[in-house]
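Reviewing the structure listed below.
The numbers here are math on the coordinates, done by the rules we state, and not lab data. If you're wondering where the values come from, they're calculated on a predicted model, not measured in any experiment. Positions of Cβ are backbone-derived with ideal geometry, glycine not excepted, and every protein chain shown enters the neighbour counts.
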Amino acid sequence: MRRPTGSDLPAQPDSAFVEDGIDALRLMTPLIERWRKILAWSIFIALAVAGIASLIPRKYKAEVTLTPVVNNKSGSALGGIAALAGATLSSGYQLTPDRMVELLKSRTVLAGVGKSRAQPNSQTTVIDRFLGEHYDRNDDEEIQNHLSRVIDAGANKTTGTITLTVQHPDSALARIIASRVVDSASQIFVRTSKAQAQQLRMAQDGRVQIAKSDLSAAEERLREFRFSNRTTSAFSEASLEQQRLSRDIQLAEQVYTQAVTDQQSAYAHELEETPTVVVQDPLPANLPKVRKRIILKTAIAGIVSFVVLCLGVLLFDMTRRRLNRSDPESDRFREAVSTLPRFRRRRPARL
């Protein structure tokens, strides 16, 4: 039996596509063929980015460094006692760097700053000057979104310091926003943190008023009794009533004295427990300019555009070669591509 020769074997189509893996030379060929266009477009995009970056107005940076100051003496002492007893002690609302950062970015603070007047004798608000037009909507969230774009606040976990940075082309406006945000956040925190001590002091004030009224009432009863009974014999009912009224006055005096003492302690505790925010690094007289970094942006734009263009050329060349083949996979790919809107053929208009 004769072996089949090469002429007897079924002929293979020249357009058959057999994937043997990724050929590096095949990938490099379209890049080498179009390297001038890729390089030219990369340079053009990089120069366009450089031009846009140079045309953007230069911004000024208002940076403030804050340091919270709290009294942790009593809290640490009570916490140690509670730890020895096997319990936990809640220290209440404490000033922490993260909490201060939240306040600096909160809607209450930013909306209040945005609605404030830019100058004492001007009707223009901060948000009007920020937007460059009159803002007539009373939307706190919208004001917060506008101002938060130029505000950056962060806390240093190691030192506990807080840094607030405001960048804006208007140096005076950047200074106003930075200073007012710090003042508003500090006032809100002080008011919130001293609420418990303030409520205690107010309760002591009410207690002093009640004790004072009780003492006055006891003295008035004793006066009326002595006015009605000029003389009293020993061991009589009038004498016993007078002694009882005298004891009521003594007890009312003791209660009033203790209430006044507690009231003064509450005042001292309120002042002692009130935290403060110290501006460690205030705003300089002349705000520094923010660097545009045109060279760095140009280099990044050139590299990124070069990579994207190379990938685009490879994808285009692989798609074109796949569409020119006649194997089953290529037919399937052509059929899938034909379903896309931009590759559909328009049907001829009917007469």
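Extension gain for Phe333-Ser122 works out to 69.2 nm (0.36 nm per residue, less the C-alpha to C-alpha distance). Highest mean packing comes first when the peptides 297-303, 130-136 are listed by Cβ atoms within 10 Å, giving 297-303, 130-136.
In order along the stretch 115-128, the phi-based Karplus estimate (6.51 cos²θ - 1.76 cosθ + 1.60, θ = phi - 60°) of 3J(HN,Hα) comes to 7, 6, 6, 5, 10, x, 9, 10, 8, 6, 8, 5, 5, 4 Hz; Gly and Pro are listed as x. The calculated FRET efficiency for Ser228 paired with Gln187, based on their beta-carbon distance and R0 = 51 Å, is about 0.30.
Count Lys and Arg as plus one, Asp and Glu as minus one, and take only other residues whose Cβ is under 11 Å from that of Arg129; the net charge is then -2. The slack between Arg293 and Glu237, meaning 0.36 nm per residue of separation minus the straight C-alpha distance, is 10.3 nm. By the equivalent-ellipsoid construction on the alpha carbon gyration tensor, the stretch 196-273 comes out with semi-axes of 37, 10, 7 Å, ordered largest to smallest. Near Ile52, once Lys and Arg are set to +1 and Asp and Glu to -1 for all other residues with Cβ below 12 Å from its Cβ, the sum equals +2. Highest mean packing first, where packing is the average number of other Cβ atoms within 10 Å per residue, the peptides 46-59, 205-218 line up as 205-218, 46-59.
Taking a point 7 Å out from the Cα of Thr257 in the direction of its Cβ, the residues of the stretch 212-230 whose backbone N falls within less than 20 Å of it are 212-220, 222.
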